[in-house]
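Chemist: This structure is in structure tokens; I'll ask about it shortly.
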Amino acid sequence: MSFRLIPIAALTAMMAVPAGIGVAKPTVQLGDAQAATQMPKAAPQTPKSITRADFIRGITARFNAIVTDRDGYLEWNEIAAAQQKGS
């Protein structure tokens, strides 16, 4: 059995979008045809600052949640299971 190391970029691409990042829902008043056809412009969101230690801690926790056999390597079956689970 051969193992592959998965780069951090691939690991982070598999992860869910953090809470708090999303698309604003449009508000529409009944009877206002123009408002019903135009979407309001969302205010630009600035990313929250995070320390390097917090980033490493978060990545390590997510990695450990995905690696089920605790061997320190990501395997294809673990990646598939994590994607189906949504983690």
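Chemist: Go through segment 62-87 and count every residue that is free of Cβ contacts under 8 Å to residues at least 40 places away in the same chain, surrounded by fewer than 10 Cβ atoms within 10 Å (Cβ to Cβ) and under 17 Å from the mean Cα position of the chain (by Cα).
Modeler: Residues that pass the stated criteria total 2.
Chemist: Of all residues in segment 38-49, which are surrounded by 10 or more Cβ atoms within 10 Å (Cβ to Cβ) and either aliphatic (A, V, I, L, M) or touching a residue at least 12 places away in the same chain (Cβ under 8 Å) (or both)? Outline the logic, then answer.
Modeler: The first filter runs over segment 38-49 and keeps only residues surrounded by 10 or more Cβ atoms within 10 Å (Cβ to Cβ), leaving 38-40, 42, 45.
Across segment 38-49, the qualifying residues are Met39, Pro40, Ala42, Gln45.
Where a number appears in this text, it was derived from the coordinates with a stated rule and is not lab data. A quick note: this is a predicted structure, and the numbers were derived from the prediction, not measured. Note that each Cβ is placed from the backbone with ideal geometry, even for glycine, and that neighbours are counted across all protein chains shown.
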